[in-house]
Amino acid sequence: FLNSREKKDSKNDSNDEMSVHSDDQSQFSTEIDAVANDADIALESNSSFTGRYEGTQGIICDASIVLNTTSNPRTITITYDGTTCPGAVHTRTGSIVISMAQGVQWKNAGAAVTVTFQNLKITRIRDNKSITLNGSQTYTNVSGGLLINLPTLNTITHAITSDGLSVTFDNGSQ
């Protein structure tokens with residue numbers, strides 16, 4: 001039997017653990033969304049992938065971008081350098097590689113890319129908590145269209161799936 005103080009401590013431990021899990025889930029969701037946005041920016045800024053041209057250098061303040069449009073699949077490699085961007089809530093190191101087959105354009109319905117995370121470490125500035133991502137996801141442009149055309153299309157749907165993404169937290173748990 002637990003006395004009332006032990007019951008209270010047990011309840012507080014359970015609440016603390018739930019709070020940590022909730023915070024971890026929130027951090028993971030926020031950072032995965034940020035990487036998906038970076039991937040979309042990189043895809044939409046290169047004519048080989050979209051059919052329009054804007055250029056890619058400098059579009060992500062804490063990263064460099066290398067394009068390989070002659071290989072099959074074509075690749076965009078985004079390497080994060082750990083820079084703290086103005087107004088940023090995190091720093092990032094590591095890279096992602098976006099791969100798309102020759103002849104596919106991201107603007108078309110059904111176009112798919114593979115995004116491979118290579119030791120992408122994201123550290124939250126406010127508390128120095130980090131997550132490290134490895135593995136891959138598939139992004140599919142379900143509806144077709146580019147975000148630049150959203151005002152005229154009204155809706156663009158992207159699906160993100162994965163069967164092999166690992167997340168390692170700063171305490172070593174996965």
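The values are calculated or read from the model by the stated rules, or taken from the named source; none is laboratory data. As the structure is a prediction and not an experimental result, all values here were calculated from the model. Here the Cβ is made from the backbone with ideal geometry for all residues, glycine too, and neighbour counts use every protein chain on show. Side chains included, ligands, DNA and RNA excluded: accessible areas come from the protein's heavy atoms. Shrake-Rupley method; radii C 1.70, N 1.55, O 1.52, S 1.80 Å.
Can you give the convex hull volume of the alpha carbon atoms of the stretch 56-174 per residue, in Å³?
Value for the stretch 56-174: 130 Å³ per residue.
Would you list ASP127, ASP24 from the most to the least accessible area, probe 1.4 Å?
ASP127, ASP24
So for each of 141-151, 80-90 I average, over its residues, the number of other beta carbons within 10 Å; can you give me the resulting order with the highest mean first?
141-151, 80-90
Applying a 10 Å radius around every beta-carbon, put 116-125, 159-168 in order of their mean neighbour count, most first.
Ranked by mean Cβ neighbours within 10 Å, highest first: 116-125, 159-168.
How big is the charge dipole of the stretch 23-174 about its Cα centre, in debye rounded to the nearest 20, if each Lys and Arg gets +1 on its Cβ and each Asp and Glu gets -1 on its Cβ?
Dipole about the Cα centre, nearest 20: 280 debye.
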